[in-house]
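For reference, the structure discussed in these notes is given below.
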Amino acid sequence: MKTKQGNIAIERTVQAGDVQVPASYKVEAAATRLAVPSGIAFDEQGNVFFIEAGYSCIDVFKKPRLVQLMPNGETRTIAEGNIKQGGRILRISKDGKITTMVENLPRFGDHQTNGPAIGNDVYIYFGQGTTTNSAIVGKDNYLMGWLAKNEQLPTYSQARA
């Protein structure tokens, strides 16, 4: 996957040797060229599904997707999201039907909505992150690009004043 951070193009390569595991384990790439994979799930038949967030902490936006990893290593898109319409928790059926469960969640900054996790009480829990790591809008937020795209937040120059 090629991304651009500032004026530097970054090509990410997958090398099994970069991951340290016990000797009895083997590391191999099951899928590559993904747009920020952020979640994985398996169905009752062992099929693999994953979510691509489409955005990370660099100013590169791609469509978020629910993708199935096929046995031959190819991927099949089941559903796509909208780059500008985050802040929602969705239910997506196997045929790609999207139902919004919760919406209007904060969707800017260093940490977005994450999860889900199913608790022992059988409730589904989601993490909702904060705007910044330190509760201060700083130069790093400006450099990552998201600060200028959120008019409800102070600009970097306002934040440092």
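The values are calculated or read from the model by the stated rules, or taken from the named source; none is laboratory data. Note that this is a predicted model, so its numbers are computed, not measured. Positions of Cβ are generated from backbone atoms using ideal geometry, with glycine treated the same way; all protein chains shown enter the neighbour counts.
Key figures
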quantity	calculated
Flag for ILE92 being over 30 Å from ILE136 (Cβ atoms), of a type in the set (A, V, I, L, M, F, W, C) and at pLDDT 85 or above	no
Residues located in the range 66-89, provided they are at pLDDT 85 or above, part of a strand (DSSP E or B) and of a type outside the set (Val, Ile, Thr)	LEU66, GLN68, LEU69, ARG76, ALA79
Members of the range 1-33 found to be exposed (fewer than 10 other Cβ atoms within 10 Å of the Cβ), modelled with pLDDT under 85 and not in a loop (DSSP other than H, G, I, E, B), listed by number	LYS2, ILE8, ALA9, GLU11
Scan of the range 89-146 for residues that are on the phi > 0 side of the Ramachandran plot and surrounded by fewer than 14 Cβ atoms within 10 Å (Cβ to Cβ), ordered by number	GLY96, ASN104, GLY115, VAL122, ALA135
